[in-house]
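Taking it in order: structure first as structure tokens, then the write-up.
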Amino acid sequence: MIKLENINKYYNPGTVNEMCLFRDFNLTVQEGEFISVVGSNGSGKTSMLNIICGSIPIDSGRIVIGQEDITYMPEHKRQRRIGRVYQNPAMGTCPTMTILENMSLADNKGKSFNLSRGTDKKRRTNYREILQSLNLGLEDKLEVPVGSLSGGQRQALSLMMATMTPIEFLILDEHTAALDPKTAELIMQLTGQVVREKKLTTIMVTHNLRYAVEYGNRLLMMHQGEVIIDKADEEKNAIAIEDILDKFNQISIECGN
């Protein structure tokens, strides 16, 4: 379970450009939930993910995972419990290193560094099996630099790497936005499969309203640092894309657009 309690976040505090993104923001993510998050640009979606992952600090409030207060825990320590896939396929992997080397780094995340080998024959076989399940031909490219892969291949690899070690939460930050429609569909199908098989608590930010409706058991819509729609289970299943579009249009009119 993740709890954001009374979160306050200001940008450029004490200046003429001061902006309050979150004011006493609260959110509870129950274990096993798959939450789809939508909202206009600047609504706070990615900032919320960054706060959970520790990429940006908060001004006040608490962040709790399970029973542990992680408000001041460094980002690299949170990564032992949280896997993240970014919008840009180039992030989350090292382009100059091979697929094998990237997977070995992900496989050893959180472990002590010493002089032992990062991989061996057994692990190499395991990596091939993982890649073979993607049906992208990557199992025969273990020695190929990741930077030479297509965006879809790289994003699929990033998803596998983010979930190779036991994690409690998966954070998906618009992870299909930079992909063509066909590849995006493949990555979403893979995402659903990984989340089901590993029983991961997941938060997915997306601009694709169909994905938001079709995937997950809870849907949030954010606006100006607040959750304005929160529907779960049967209520979520009853939501149509048109309902979300109507809310977007209503907000646009209220904002004078």
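The values are calculated or read from the model by the stated rules, or taken from the named source; none is laboratory data. Predicted model only: the values in this text are computed from it and were never measured. Reconstructed Cβ throughout: ideal geometry from the backbone, glycine too, with neighbour counts over all protein chains shown. Each accessible area value is taken on the protein alone, full model and side chains, heavy atoms only, with ligands, DNA and RNA left out. Shrake-Rupley method; radii C 1.70, N 1.55, O 1.52, S 1.80 Å.
For Glu168, project a label point 7 Å along Cα to C-beta. Then give me every residue of the stretch 202-237 with its amide nitrogen under 15 Å of that point. Answer for this model: 202-203. DSSP beta bridges confined to the chain are antiparallel in about 55 percent of cases.
Share of carbon and sulfur in the accessible area of the chain stands at 49%, probe radius 1.4 Å. When the charge dipole of the stretch 27-113 is built from unit charges on Cβ atoms (+1 for Lys and Arg, -1 for Asp and Glu) and taken about the Cα centre, the candidate among Gln79, Ile35, Gln67 whose Cα reaches farthest toward its positive end is Gln79.
Positive end of the dipole of the chain (Cβ unit charges, origin at the Cα centre): among Leu172, Leu200, Leu138, the Cα lying farthest that way belongs to Leu138.
Positive-end ranking of Leu190, Ala106, Gln155 along the dipole of the stretch 81-212, with charges on Cβ about the Cα centre, is headed by Ala106. Accessible surface ranking for Arg80, Arg124, Arg154, Arg23, 1.4 angstrom probe, highest first: Arg23, Arg80, Arg124, Arg154.
Per residue, the stretch 1-79 exposes 50 Å² of accessible surface when a 1.4 Å probe is rolled over the protein heavy atoms with every protein chain present. Size check on the chain: the Cα extents along the three principal axes, sorted descending, read 59, 39, 35 Å. One Cα centroid belongs to the stretch 123-149, the other to the stretch 1-68; the line between them spans 36 Å.
The stretch between Tyr72 and Glu5, if pulled fully straight at 0.36 nm per residue, gains 22.7 nm over its current Cα-Cα span. A Cβ-based charge dipole, computed about the Cα centre of the stretch 1-130 with Lys and Arg at +1 and Asp and Glu at -1, lands at about 680 debye.
The HN-Hα couplings worked out from phi for the stretch 81-97 by the Karplus form 6.51 cos²θ - 1.76 cosθ + 1.60 (θ = phi - 60°) are 10, 10, x, 9, 10, 9, 5, 7, x, 6, 8, x, 9, 9, x, 7, 9 Hz, whole numbers, x standing for Gly and Pro. Counting only lysines at least 8 places from Lys231 when in the same chain, those with an alpha carbon closer than 16 Å to its own are Lys247.
Legend: residue pairs Lys141/Lys199; Lys121/Lys199; Lys77/Lys182; Lys77/Lys121; Lys3/Lys236, Cα-Cα distance threshold 24 Å; pairs beyond threshold, Lys141/Lys199; Lys121/Lys199; Lys77/Lys182; Lys77/Lys121.
Taking amide H positions as modeled 1.01 Å from N, with prolines and chain starts lacking one, the residues under 5 Å from Arg218 and 5 or more places away or on another chain are Phe34, Ser36, Asp233. Give me the distance between the Cα centres of the stretch 74-93 and the stretch 204-239, rounded to whole Å. The distance from the Cα centre of the stretch 74-93 to that of the stretch 204-239 comes to 23 Å. Basic side chains Lys and Arg get +1 at the Cβ, acidic Asp and Glu get -1 at the Cβ, and with that the dipole of the chain about its Cα centre reaches some 1120 debye.
Phi angles of the stretch 207-219 translate, via the Karplus equation with coefficients 6.51, -1.76, 1.60 and θ = phi - 60°, into HN-Hα couplings of 9, 8, 5, 5, 4, 4, 7, 7, 10, x, 10, 8, 10 Hz per residue; Gly and Pro are given as x.
Label positions at Ser55 and Asn237, each projected 7 Å from the Cα along the C-beta direction, are separated by 3.3 nm. Top mean-square fluctuation among Lys141, Lys199, Lys182, Gaussian network model of the chain, C-alpha springs under 10 Å? Sorting by GNM fluctuation, first place goes to Lys182.
Here Ile253 and Asp24 are evaluated by their C-beta separation; at R0 = 35 Å the FRET efficiency comes out at 0.85.
For the residues Gln193, Gln224, Gln79, a GNM of the chain with alpha-carbon springs under 10 Å puts the largest fluctuation on Gln193. For the stretch 115-257, the solvent-accessible area of protein heavy atoms averages 53 Å² per residue (probe radius 1.4 Å; ligands and nucleic acids excluded). Normalised by 2.2 N^0.38 Å, with N the number of residues, the alpha-carbon radius of gyration of the stretch 116-197 equals 1.12. Just Val64, Val85, Val16 to compare: in a GNM of the chain, with alpha carbon springs under 10 Å, which one fluctuates most? Checking each option, the largest mean-square fluctuation is seen for Val16.
Only helices enter the 222 nm calculation for the chain: every DSSP H run of n ≥ 4 contributes -39,500 (n - 2.57), and dividing by all residues gives -10000 deg cm²/dmol, rounded to 500.
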